[in-house]
Amino acid sequence: MKHWALFLLLAIGCNVWQIEAEFFTSIGQMTDLIYVEKDLVKSLKEYIKAEESKLTEIKSWAEKMDQLTHTSTSDPEGYLGHPVNAYKLMKRLNTDWLKLESLVLQQTSDAFIANLSIQRENFPTDEDESGAAKALLRLQDTYRLDSESISKGKLPGAQHVVSLTVEDCFELGKIAYNDGDYYHTVLWMQQTLRQLGEGESSVVTQAEALDYLSYSVYQMGDMQRAIELTKRLIAVDPTHLRAKSNLHYFKKLLHEEGQSDQRMDEEFYQSQSKKEVDMRPDNYISERDSYEALCRGEGIKMTTRRQSRLFCRYHNNNNHPRLIIAPIKEEDEWDSPHIVRYHEMLSDAEMEKIKEIAKPMLARATVRDPKTGVLTVANYRVSKSAWLADDEYPVVNRVNKRIGDITGLEMETAELLQVANYGVGGQYEPHFDFSRKEEPDAFRELGTGNRLATVLNYMSDVPAGGATVFPDFGAAIYPKKGTSVFWYNLFKSGEGDYRTRHAACPVLVGSKWVSNKWIHERGQEFKRPCGLTEVD
């Protein structure tokens, strides 16, 4: 097997989201930050202990000196008439107070600061923080979550519930605003105001949130509401000059549009101030709507008639020697195109070993640009991946052989095992695994033909989200640890099966580990002979 296959991955672009920060595309690597933070807490507690010890010593000295000066000042001459007292006064002022000065100036924080400086190299960047925020916004859209549910941590399958503060909500809104995403700015500034209205204390003010909210509503075309929100901002902060200027400008635009600036009555005004805008961005396409609906468990076209054609069986691949005694459990997931799931494909020990090997090698997943042929980070694929060769790792060799035994296909011409870990909002938008006719050079370097089939190994359970969906025919395959899903990308004629366009839904809760094996055409001539028609 050629090692330069390490760097080959093909996908086709589609309507994309913004590039996410690299660090947050792998939960596996983010777990290291947990231990970094734990170490910092330990270091901080040691600093606090040292400071407390220092303050205790200073406090003891102060109390002793307080008693001493009380006695000495009551009769200074009589006090100094004793030669020992005179000597000790000289000693204290010349030596002891200098020692106290050194104690006060002693930097007990040095060790903590040094450790913090070292660990800072592992800290996320501003881009990482922004990427995590945008991932939350993507999850909000895909799974149609309201801002309040996210803020209160009410997510399906979540074990460790945590709430967002007013400052957190405000920052999410600001990040969206700075990205020109006024839709999400409105949602999160409204949530900021909602939590402030509920009495949550915060350094963020109503005026700050209303400032962003009113302008974002204007940007979204709701002039009347922008005027009402700006009036509310001025009522909260009469000195806000920009708000007064904006109000004049908004009224002028409203007048030019031939609309009247009618003041709402108080009840209607209050309802509008709480109203949450529900406008989707204009750049959504039908495939995205289908893809996101499938991610939510909607629009799945598994009819009763279809279900009647799906079966479970023990599969031994025509009495393959290694499967006669221990056949694999095979389950039909879809009838046409035929998609099957193999149960207990990988053991827990194998999966943990593969993760252990891959974790230090994980890097932001790349795809080959169909126009330039250059490998690049793709906006529409948010994950980290590593490529493992079977001749370097016995566990990978064992898994590859098992795939060959079960599928009956030649593995010598297959690509290396790709291991991927999806983090916060990790996804892979709709794409084909095979190359199309307009991409004749996609796999020329390999010399093994097109990608005939895909084997997708699920190496973790995902509490919420993370399904593999096929928008063309409405299928959703959910992760189940230890199982593998298999389908053909090409018909027997070698023509691509365009129905197999698929996507990895964003991970809502949990960490998704998968590994892929892409099996190529060469070597399969006698194992999967050509059909009589183009679509056999």
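The values are calculated or read from the model by the stated rules, or taken from the named source; none is laboratory data. If you're wondering where the values come from, they're calculated on a predicted model, not measured in any experiment. All Cβ positions, glycine included, derive from the backbone under ideal geometry; neighbour counts span all protein chains shown. Areas reflect the complete protein model, heavy atoms only, side chains present, ligands, DNA and RNA absent. Shrake-Rupley method; radii C 1.70, N 1.55, O 1.52, S 1.80 Å.
What residue among Asn318, Pro76, Gly299 has its Cα farthest toward the positive end of the dipole of the chain, where the charges are +1 on Lys, Arg and -1 on Asp, Glu, each on the Cβ?
Most positive-ward Cα: Asn318.
Peptides 395-408, 494-507: what's the order by average Cβ count within 10 Å, highest mean first? The partial results should precede the final answer.
Details: 395-408: 19.6, 494-507: 21.1.
Going from most to least packed, we get 494-507, 395-408.
For region 28-187, what is the Kirkwood hydrodynamic radius in Å, using each pair of distinct C-alpha atoms?
On the way: mean 1/r = 0.0466 Å⁻¹.
One over the average 1/r among Cα pairs gives 21.5 Å for region 28-187.
Taking the Cα centre as origin and putting +1 on Lys and Arg beta-carbons and -1 on Asp and Glu beta-carbons, what dipole magnitude results for the chain, to the nearest 20 debye?
Working: 66 positive and 81 negative charges, 221 e Å.
The dipole of the chain has a size of about 1060 debye.
Could you tell me the calculated FRET efficiency between Asp461 and Phe526, based on Cβ-Cβ distance and R0 = 51 angstrom, to the nearest 0.05? Walk me through the numbers on the way to the answer.
Details: r = 38 Å, r/R0 = 0.75.
The value I calculate is 0.85.
Would you work out what percent of the accessible area of region 289-341, with all protein chains in place, is carbon or sulfur (probe 1.4 Å)? Walk me through the numbers on the way to the answer.
Details: 1670 of 3280 Å².
The value for region 289-341 is 51 percent carbon and sulfur by accessible area.
Enter the angle in degrees (range 0 to 90, nearest 10) between the Cα long axis of helix 394-407 and the first principal axis of the Cα atoms of the chain, meaning the one along which they spread out most.
Its long axis makes an angle of about 40 degrees.
Give the residue from Val104, Pro156, Thr185 lying farthest towards the positive end of the charge dipole for region 78-216; charges sit on Cβ (+1 for Lys and Arg, -1 for Asp and Glu) and the dipole is referred to the Cα centre.
Result: Val104, furthest along the dipole toward the positive end.
Sequence neighbours fewer than 8 away in the same chain don't count; with that in mind, list the aspartates and glutamates whose C-alpha is under 13 Å from Lys54.
Glu46, Glu101
Could you calculate the contour length gain from Arg305 to His343, that is, 0.36 nm times the residue separation minus the distance between their Cα atoms, to one decimal place in nm? Before the final figure, lay out the partial values.
Details: separation 38, 0.36 × 38 = 13.68 nm, distance 2.40 nm.
Computed gain between Arg305 and His343 is 11.3 nm.
Can you give me the angle between helix 166-178 and the longest principal axis of the chain, using Cα atoms only, in degrees from 0 to 90, rounded to the nearest 10?
60
On full extension of the chain, what length is gained from Asp75 through Ser60, given 0.36 nm per residue of separation minus the C-alpha to C-alpha distance? Let's see the in-between values first.
Working: separation 15, 0.36 × 15 = 5.40 nm, distance 2.40 nm.
Between Asp75 and Ser60, full extension yields an extra 3.0 nm.
Rounded to two decimals, what ratio of Rg to Rh does the chain give with C-alpha atoms and a Kirkwood Rh? Walk me through the numbers on the way to the answer.
Working: Rg = 32.5 Å, Rh = 28.2 Å.
Rg/Rh: 1.15.
Which value, in debye to the nearest 20, gives the size of the charge dipole of region 380-447 about its Cα centre, when Lys and Arg are +1 and Asp and Glu are -1 at the Cβ?
300
Count the net charge of all other residues whose Cβ sits under 12 Å from the Cβ of Ser493, scoring Lys and Arg as +1 and Asp and Glu as -1.
Numbers: positive: Lys492, Arg528; negative: Glu495, Asp497, Glu521, Glu534, Asp536.
Local net charge: -3.
Using +1 at the Cβ of each Lys and Arg and -1 at the Cβ of each Asp and Glu in the chain, identify which of Leu417, Leu213, Ala86 lies farthest towards the dipole's positive end.
Sorting the options by dipole projection puts first Leu417.
Counting only residues 5 or more places away or on other chains, whose amide H sits under 5 Å from the amide H of Arg451 once H atoms are built in the peptide plane?
So Arg451 has HN proximity to Ser435.
Helix 348-358 sits at what angle to the longest principal axis of the chain, using alpha carbons and giving 0 to 90 degrees rounded to 10?
Approximately 70 degrees, to the nearest ten.
Using helices alone, I'd like the mean residue ellipticity at 222 nm for the chain: each DSSP H run of four-plus residues gives -39500 (n - 2.57), total over residue count, nearest 500.
Numbers: 17 runs with 224 residues, N = 536.
It comes out at -13500 deg cm²/dmol, rounded to the nearest 500.
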